[in-house]
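Worksheet: the structure to be examined is printed underneath.
The values are calculated or read from the model by the stated rules, or taken from the named source; none is laboratory data. From a predicted model like this one, the values you see are computed outputs, not experimental measurements. Cβ placement follows ideal geometry from the backbone for every residue including glycine, while neighbour counts extend to all protein chains displayed. Surface areas here come from the heavy atoms of the whole protein model, side chains and all, with no ligands, DNA or RNA. Shrake-Rupley method; radii C 1.70, N 1.55, O 1.52, S 1.80 Å.
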Amino acid sequence: TIKLDTTTIYTAAAYILVGSGTVTLNDNASSFSNWTTNAAWNITTAQFNSAPSSFTDSPGGSYGNNANTNMTLSTAVNISSTPVVYLSFWHRYATEAGFDFCYVEVSNDNGVTWQQVTSYNGSLTTWTQQTFDITGYAAASTQLKIRFRLTSDAGVTGDGWYVDDVKLTNYCGTLVGN
């Protein structure tokens, strides 16, 4: 907390992660059993961070024009008792820069509404790990879901998005000190 005289002008929560946390999801893309899709998302052995497979929006080649496809965690996760939550995954992508997008989204109401954590577009040709503190989006929910969504315009298409080694790690949110 930062104060100017007696007026608070800035407050932020800070978490110090102690221990390895509780892993509530650890999916290496060996099957699609933890996920649902509204279109073509599935596993592929053509690309992967950890063998033998990864998830992709377009397992048969390039994604289509005017796509809006997603891969959604099928069962909601209850994080109310360990409300500090981190999402990590490995990915690579090839989309039309500035027009076709890969979105990471979180829902704290079992998929009724979604909040965007981040988005990607253009090309990332090497597998890269991403880690996000999604505590603020998750809001100590009893119905947390995550999804990976690809959208495209009517122009150029590309190979799409590959996602692997998806992990949710939770920590106790008890604050110590003042």
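The table below gives the values:
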quantity: Sorted peptide list for 113-124, 41-52, criterion being average Cβ within 10 angstrom, highest first; calculated: 41-52, 113-124
quantity: Virtual paramagnetic centre 7 Å along Cα→Cβ of Ser31, amide N under 16 Å, in segment 41-65; calculated: 42-44, 52-55
quantity: For Cα extents along the principal axes in Å, calculated from these coordinates, the label among [x] 47, 39, 25; [y] 59, 33, 31; [z] 47, 33, 31; calculated: [y]
quantity: Estimated dipole of the chain in Debye, rounded to 20 [Cβ of Lys and Arg +1, of Asp and Glu -1, Cα centre]; calculated: 320
quantity: Spin-label model distance (nm) - Val112 vs Ile2, 7 Å beyond Cα toward Cβ; calculated: 3.7
quantity: Sum of -39500 (n - 2.57) over DSSP H runs of 4+, divided by residues of the chain (222 nm, nearest 500); calculated: -500 deg cm²/dmol
quantity: Å² of accessible area per residue within the chain, as computed with a 1.4 Å probe and no ligands counted; calculated: 51
quantity: Relative contact order %, the chain, counting alpha carbon pairs below 8 Å whose residues are six or more apart; calculated: 32
quantity: Gyration tensor (alpha-carbon) shape descriptor, segment 90-178, a/c threshold 1.5; calculated: prolate
quantity: Whether segment 28-85 is rounded, prolate or oblate, judged on the alpha carbon gyration tensor where a/c under 1.5 counts as rounded; calculated: oblate
quantity: With every protein chain in place, the chain: carbon and sulfur % of accessible area (1.4 Å); calculated: 49
quantity: Segment 85-99 versus segment 17-57: alpha-carbon centroid distance in Å; calculated: 13
quantity: Global geometry of segment 58-130, whether rounded, prolate or oblate, following the gyration tensor of its Cα atoms and the 1.5 cut on a/c; calculated: prolate
